[in-house]
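The values are calculated or read from the model by the stated rules, or taken from the named source; none is laboratory data. Being a predicted model, the structure only gives us computed values, none of them experimental. As a convention, Cβ positions derive from the backbone with ideal geometry for all residues, glycine included, and neighbour counts pool all protein chains shown. Each accessible area value is taken on the protein alone, full model and side chains, heavy atoms only, with ligands, DNA and RNA left out. Shrake-Rupley method; radii C 1.70, N 1.55, O 1.52, S 1.80 Å.
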Amino acid sequence: MSNVIRYTAQKLVLCRPAAPAALHFQSYVTRAHPSPLPTAPIQDALQRLISEMDERHLHRSQRWKNNKEKRVNQRSAYLTARGRPTHPSEEEVRKEAAEKEYRRMDESVEMALQLNLDPRKPGQALRGSFSLPHGNGKKFGVAVFTDNMELAKEALANGAVVAGGASLIEDIKNGNVSLTSFQRTLASPEMMPQLSSIARLLGPRGLMPNPKLNTIQPQDQLLETLEQQQSGISNYRTDKEGIVRIGIGRGSFGVDKLMDNMRELMNEIQSIKPESFGKGKKGKGGSAKGTKYYLKAHLSTTQSKGSVLVDLRTIDPTSSFFMSDPL
């Protein structure tokens, strides 16, 4: 009897099901349900871009030192073979190479913000200008259109590239003044009818004065606006895909200053949010409930290999995680 019980017990032990192995769930990924891309909080994204800039600088600086002798020899050989008497001698070339060091490029940091907008619809084509707390790190050449010659002289003294009235318009029309010599324009209201003759030249380049950009100002405010435009006041507009691309500063600013500029940018974009936006049925008060205003946000620099996808919760002014780390 005991043998039977023992055999039965052993059989029961052998028939006992094995312990379940660790379960590995495979996420449901299809073309309609792609795997989500990793995102980074705004502060981490900025820190990552600045770290990449530092790594590029160190790599290029080292390569500059390693190849210095080779560059000097190549330049000396070229000047010896084809140089003119006015060109530097080999000793001067070597002295210049010894004194000069690698110059670091101060890369721009740019935000590409995709909004749930259709610029073809009324009220959804956003355009404007605003000042960043720490500037955008750029200097712009400004042309001033005014029929007040005294004011034009003051504008030139304050840094305007060109200034004038009908004569300046004629110079631009005849090609005597290059359109590439300035990047922005200012005009007094009385000059706008005269600017219509060169609108086909200024318009495609985004140089036509526009009240939305605060570039049409009365004469008593032209000089003040000129200083703002030169110091890098930021202009923005949505493209045909509803994307706003705008620089928020330079890598040399550091994370804290870039965060301040980013905060000002997002508050500006939020303040001009249209009542109706997005696709689908609209409610009585505008867009349907739950319609997203911000779709994607990417940060990149001048020479970065790609962009960083930013966590929208950290840049949405209506979010409790605005300009902070949600983790």
>> Under 6 Å between Cβ atoms, which residue pairs at least 6 apart in sequence (or on different chains) link something in the stretch 301-315 that is under 17 Å from Q114 (Cα atoms) with a partner that is of a type in the set (F, W, Y)?
In response: L312/Y294; R313/F321; T314/F321
> So is V255 hydrophobic (A, V, I, L, M, F, W, C), in contact (Cβ under 8 Å) with a residue 60 or more places away in the chain, surrounded by fewer than 18 Cβ atoms within 10 Å (Cβ to Cβ) and under 30 Å from A45 (Cα atoms) or not?
Replying inline: yes
> Which residue pairs have Cβ atoms under 8 Å apart, sit 6 or more places apart or on different chains, and have a first residue in the stretch 88-100 that is free of Cβ contacts under 8 Å to residues at least 40 places away in the same chain and a second that is among the β-branched types (V, I, T) and exposed (fewer than 14 other Cβ atoms within 10 Å of the Cβ)?
Replying inline: E90/T80
> Any idea how many residues of the stretch 62-88 are surrounded by 13 or more Cβ atoms within 10 Å (Cβ to Cβ) and of a type in the set (S, T, Y)?
Replying inline: 1
>> For the condition in contact with a Gly (Cβ under 7 Å, 6 or more places away or on another chain), open to solvent by 30 Å² or more (accessible area, probe 1.4 Å) and not aromatic (F, W, Y), what is the one hit in E101, E110, E150?
In response: E110
> Which of (1) surrounded by 15 or more Cβ atoms within 10 Å (Cβ to Cβ); (2) touching a residue at least 60 places away in the same chain (Cβ under 8 Å); (3) within 25 Å of M111 (Cβ to Cβ) is the odd one out, the single condition L223 does not satisfy?
Replying inline: (3)
> For the stretch 178-187, does any single residue satisfy the condition of being open to solvent by less than 20 Å² (accessible area, probe 1.4 Å), touching a residue at least 60 places away in the same chain (Cβ under 8 Å) and among the aromatic types (F, W, Y)?
Replying inline: no
> Out of all the residues in the stretch 110-124, is one or more of a type outside the set (F, W, Y), in contact (Cβ under 8 Å) with a residue 60 or more places away in the chain and part of a helix (DSSP H, G or I)?
Replying inline: no
